[in-house]
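Worksheet: one structure, shown below.
The values are calculated or read from the model by the stated rules, or taken from the named source; none is laboratory data. Just so it is clear, the structure is predicted and the values come from calculations on it, not from any experiment. Note: ideal-geometry Cβ built from the backbone for every residue, glycine included; neighbour counts use all protein chains shown.
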Amino acid sequence: MWPLGHAAIGYLCYTLATRTRFDRPPGQIAVLVLLFGTQFPDLIDKPLAWYLGVIPTGRTLAHSLLFLVPVSIAVYVLARRYGRAEYGFAFGLGALSHTLVDALPALWGGTDPSFLLWPALPVEGYESGAPSVTALFLESLGDPYFLSEFVLAALALAIWRRDGSPGLATLRALVDRVRSDRSAHGPN
C-alpha cells in the first residue's frame, strides 16, 4: 500500500477508536503522531533495504511484529509516563495498521506474509536490486487494491473534515513558528 492509503486507514481506525472510547474526535497532536506512525515502517525499512542494502526487502525489520509490537509498547509506555498516553496509542495504532494492511494481499495470494515475523521467518530478497518507486507506481496503476486507496482516502478526508480537521491547526502553528524563526534569524 502507498502512503496515502496507510494514512487513510490509520485515520479511519483512529477516529473510530477515539469516538468509541472517549466519545470525541481525535486530538490535534495525536493525529500528527498517528500519521507519523502510519508511515513509520516504510520510513525505516525502505531506506535500509533500497539505499543501504542492510535488510533484504522494504518489508522486513519495521514491518515485523517482532520489532513493531515492542517499539509500539515502548512508545506507549514513554508517552504515558509523560501524561500523553493518547500519543502512544496513536503511534501504535498507526504503525500496526500499516503492517497489517501490507499483509492483506496475502489473503488472495498477492504477497508472502513472512515479513510479519522476520527474522524468525525468512523473506525473499530482491532479485535484481531495489525496485524503483516509479516502476512500482506504474505497476500499481491497474491494481484494484491500489485504486481502493483513493476511495479510502476520500472517505477518511470526509470524516477528518467532519471531525474538525484535527492536526491542521497544530501543523499550521508549527509552520508559522518555523517561518517566524527563520525570519528572525535571517538567511543562513
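Remarks
- Search result, residues across segment 131-166 that are farther than 30 Å from residue 27 by Cα, of a type in the set (Gly, Ala, Ser) and assigned to a helix (DSSP H, G or I): 135, 140
- Failed item in (1) crowded, with 19+ Cβ neighbours inside 10 Å; (2) touching a residue at least 60 places away in the same chain (Cβ under 8 Å), with residue 131 passing the rest: (1)
- Candidates 67, 91 - the one that is part of a helix (DSSP H, G or I) and surrounded by 21 or more Cβ atoms within 10 Å (Cβ to Cβ): 91
- Residue that is surrounded by the fewest Cβ atoms within 10 Å (Cβ to Cβ) [pool: residues in segment 70-88 that are more than 25 Å from residue 121 (Cβ to Cβ) and hydroxyl-bearing (Ser, Thr, Tyr)]: 82
- Condition broken by residue 45, with the remaining ones in (1) surrounded by fewer than 19 Cβ atoms within 10 Å (Cβ to Cβ); (2) closer than 30 Å to residue 127 by Cβ satisfied: (1)
- Qualifying positions in segment 120-163 - within 22 Å of the chain's Cα centre (by Cα) and aromatic (Phe, Trp, Tyr): 137, 145, 146, 150, 160
- Only one entry of 112, 143 meets the criterion of being loosely packed, with under 14 Cβ neighbours inside 10 Å and on the phi < 0 side of the Ramachandran plot, and that entry is 143.
- Flag if residue 114 is within 20 Å of residue 44 (Cβ to Cβ) and part of a helix (DSSP H, G or I): yes
- Among the residues making up segment 96-112, those that are touching a Pro at 6+ places or on another chain (Cβ under 6 Å) and either among the hydrophobic types (A, V, I, L, M, F, W, C) or modelled with pLDDT under 95 (or both) are 103, 106, 111.
- Scanning segment 105-128 for residues that are free of Cβ contacts under 8 Å to residues at least 40 places away in the same chain and closer than 30 Å to residue 26 by Cα returns no hits.
- Residues of segment 28-57 that are in contact with a helix residue (DSSP H, G or I) (Cβ under 6 Å, 6 or more places away or on another chain), in contact (Cβ under 8 Å) with a residue 12 or more places away in the chain and part of a loop (DSSP other than H, G, I, E, B): 57 alone.
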